[in-house]
Amino acid sequence: MSPFIDARTLPTGTVLEPDLAIIGGGPAGITLALALAHTPIRVMLFESGGLDFETGTQALYDGKNAGVKYLALNASRMRYLGGSSNHWGGWCRPLDAIDFEARDWLPYSGWPFGLSEMAPWFKRAQALVEAGSWIYDDADARMDAMAPMLKFAGGGAYTSWFQFSKTRDDVLPTHFGTRYADDLKHIPNLKVFLHANAVSLNLSGNAATLDTIDGATLTHKRFTVKPKATVLAMGAVENARLMLASGGAMGVGNQNGLVGRFFADHPIPRDTATLVHFAGELPGYYFNGTQLDGAILRATIAPTEDFKRKQHVLGSLSTIENPVELNEFDKAAIVTAALAVGADASNAKAFSVGCGLELAPDPDRRLTLTDERDALGMQRLKLTNRVSDNDFARYRATMKEWGRQLLAAGTGMIRLNYDTRAEWEGALDWGDHHLGTTRMHKDPQHGVVDANQKVHGIANLFVAGSGVFPTYSASNPTLNLVALTLRLAQHLRGVLK
Amino acid sequence: MSGPRYSRRAVAVGGGIAVALGLTAVGVTVPRLLHHRYRPSPNDDLFAYLVDRDAAVRVGKAVEMPPPNHLTFDLAGGLRKSLKGRTLAEATHEDLAKGLVVEVKGWVLPATVAGLAMLAAQES
């Protein structure tokens with residue numbers, strides 16, 4: 001057993017020389033450390049925080065916001081072992097095949113590989129996030145047998161399923177730090193340093209390799225890490241920050257000015273639509289997680305891949321939320337439509353609909369450094385947030401299609417609640433799903449990292465996490481970034497053997 | 001001109017049952033149906049499709065523009081053509097199959113339904 005090491009106890013001037021340095025102890029960093037357990041690779045994991053929330057450490061995340069209203073940068077992530085899994089909701093859903101495709105109607109879209117490259121890692125990722133059996137694609141018949149699903153005619157929207165991370169029974173969700181702390185301590189080729197911050201990436205003279213990393217603690221201890229290879233696993237925001245703040249004015253890996261650009265998250269507008277179900281109540285699995293084969297599932301409505309391609313819409317995952325009241329006009333519309341399609345609306349009930357949206361890649365939705373510095377002397381960030389009108393319009397198209405399908409089946413109808421940009425922005429929440437700032441592309445002109453998540457132009461620097469997603473999907477990222485990290489681990493086994 | 005496949009009486013009786021159920025669900029009492037009387041109109045053959053004309057009028061007042069397809073220039077004529085020899089349900093299902101839907105205060109409605117409602121509002 002190897003207890004965690006508090007970096008504040010290291011003698012100043014300590015030089016650490018692992019084969020692999022993992023910077024960040026969130027889901028990606030912990031997954032990577034677990035995946036490389038019992039290999040000859042000597043791994044050191046450096047986590048900025050400790051085992052619990054600490055105000056001083058969390059304040060290192062302070063930053064500025066501009067543009068469309070967004071969460072404070074120090075509130076949308078967590079800086080201690082387990083990272084942002086310490087406040088995630090446990091929602092899991094794999095990426096779809098179309099998420100990887102370059103679409104000519106969607107600028108900057110496409111991954112350097114397809115879903116088949118990720119698929120081998122999903123089952124192991126599913127186990128790590130503790131989301132139960134893999135039944136995302138196989139739940140319809142069994143859930144319908146449990147209680148009849150909402151029926152709608154064929155078309156562009158379909159019922160899909162979330163599964164939920166759970167620690168045990170219905171206790172949600174898996175906090176990676178708490179859950180895997182003991183496992184990490186029992187990995188013989190791993191050392192975990194807490195309260196250990198990376199403050200600078202130092203390149204070799206020809207800038208072709210990462211030479212050293214400057215480490216620091218909030219107690220003013222300084223140390224150096226001299227690894228053979230390094231994986232940045234601090235999340236999409238902090239990875240970009242460290243790369244921008246290192247290597248002089250240009251930054252590290254930023255020769256094409258891409259680091260920090262293409263930031264994305266999932267907007268979660270509330271009460272986007274009103275669903276009327278002519279037959280009244282809906283099964284509980286539309287509103288809450290429901291057990292099936294040891295997994296917890298919740299229904300969601302998504303656009304089909306065919307509809308996305310034909311109508312040029314992006315991903316969205318709509319969920320049915322709470323019962324809502326209707327006004328006299330709404331009742332007139334329901335009566336008129338139900339009678340017209342020959343439906344019986346005598347037991348009709350109405351529900352609010354929420355959703356998570358995929359944003360189109362936008363190079364100007366970005367992170368930049370400010371002149372302000374944190375307690376470690378690192379420049380703080382500013383996030384400039386943007387959402388295009390088209391992002392909202394694409395979601396409306398999907399919901400309108402769903403409304404068409406419901407009426408065609410004679411089972412219900414939809415009211416779209418927002419039309420203007422002000423209405424949309426007034427309803428926006430965000431998923432805290434940081435994406436895209438170190439995007440993956442085979443061409444360094446278009447991506448920060450290559451298909452193996454290696455920073456273009458630097459032989460031994462890699463980036464893990466959802467910051468490498470070049471297009472984002474509407475699916476929650478944790479399951480997917482864990483799968484991608486398992487793939488990275490396989491690659492690193494080859495690189496470092 | 002061909003009328004609807006079902007007589008007005010049949011529509012009124014059958015529809016009245018459905019309306020009674022439907023309106024109860026959304027909080028409207030049946031006696032209200034008996035309140036409003038509309039003056040005779042050359043478009044009564046079309047209004048016969050509306051089991052709850054009051055509700056349709058309310059919806060129709062919110063239709064911002066003529067629904068898509070053939071209804072644009074001659075709303076009544078277009079509706080008559082669309083409904084010729086078939087039920088409203090058949091016409092609306094064809095609208096839905098073709099994607100002919102419109103938004104009325106956000107509600108996604110079949111184009112023919114929105115057109116009938118709009119015409120009813122114009123003559124209310």
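Here are the numbers for this structure:
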| item | result |
| --- | --- |
| Surface/4 of the Cα convex hull for region A:32-189, nm² | 14.2 nm² |
| Relative packing of peptides A:58-68, A:289-299 - highest average C-beta neighbours within 10 Å first | A:289-299, A:58-68 |
| Cα-Cα separations in region A:124-238 greater than 22 Å, expressed as whole percent | 61 percent |
| Selection from A:Ala240, A:Pro267, A:Gly251 lying farthest towards where the dipole of region A:193-320 points positive, charges on Cβ | A:Gly251 |
| Inter-centroid distance (Cα atoms) of region A:364-398 relative to region A:413-463, Å | 10 Å |
| Whole-Å semi-axes of region A:48-88's equivalent ellipsoid (Cα gyration tensor) | 21, 11, 6 |
| Length gained when the stretch A:Gln379-A:Asn202 is fully extended (0.36 nm per residue, less Cα-Cα span) | 62.1 nm |
| Calculated on alpha-carbon atoms, Rg and Dmax of region A:380-434 in Å | 15.1, 55 |
| Full-extension gain in nm, A:Asp293 to A:Phe53, via 0.36 nm per residue minus C-alpha separation | 82.9 nm |
| Under-5 Å amide H pairs with B:Trp107, H placed in peptide plane, nonlocal only | A:Leu416 |
| Inter-label distance, nm, simple model (7 Å from Cα along the C-beta direction), B:Arg80/A:Arg103 | 4.5 nm |
| Shape of region A:130-196, Cα gyration tensor, a/c cut at 1.5 | prolate |
| Förster radius 30 Å - calculated FRET efficiency between A:His186 and A:Trp134, Cβ distance, rounded to 0.05 | 0.65 |
| Gyration tensor verdict on chain A (Cα atoms; rounded if a/c is under 1.5, prolate if a/b is larger than b/c, oblate otherwise) | prolate |
| Estimated vicinal HN-Hα couplings, Hz - region A:218-225 in sequence order (Karplus 6.51, -1.76, 1.60; Gly, Pro = x) | 6, 9, 6, 7, 10, 8, 10, 10 |
| Region A:1-87 - convex hull of alpha carbons, volume per residue in Å³ | 138 Å³ |
| Residue-span extension gain [A:Lys123 to A:His38] - 0.36 nm each, minus C-alpha spacing | 28.5 nm |
| Helical contribution to [θ] at 222 nm, DSSP H n ≥ 4, -39,500 (n - 2.57), averaged over chain A, rounded to 500 | -7500 deg cm²/dmol |
| FRET E, pair A:Glu372, A:Leu428, Förster distance 25 Å, beta-carbon r, rounded to 0.05 | 0.40 |
| Kyte-Doolittle mean at least -0.5 and Cα axial length at least 15 Å: DSSP H helices in chain A | A:115-128, A:328-340, A:477-495 |
| Peptides ranked, highest mean first, by Cβ atoms within 10 Å: ranges A:118-131, A:140-153 | A:118-131, A:140-153 |
| Sequence-distant lysines (8 or more away, or on other chains) whose Cα lies within less than 22 Å of B:Lys98 | A:Lys151, A:Lys308, A:Lys310, A:Lys400, B:Lys81, B:Lys84 |
| Amide hydrogen neighbours beyond the local backbone of A:Leu16, cut-off 5 Å, H modeled | A:Thr224, A:Val225, A:Lys226 |
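No lab work stands behind these numbers, since they all come straight from the coordinates. Being a predicted model, the structure only gives us computed values, none of them experimental. Note that each Cβ is placed from the backbone with ideal geometry, even for glycine, and that neighbours are counted across all protein chains shown.
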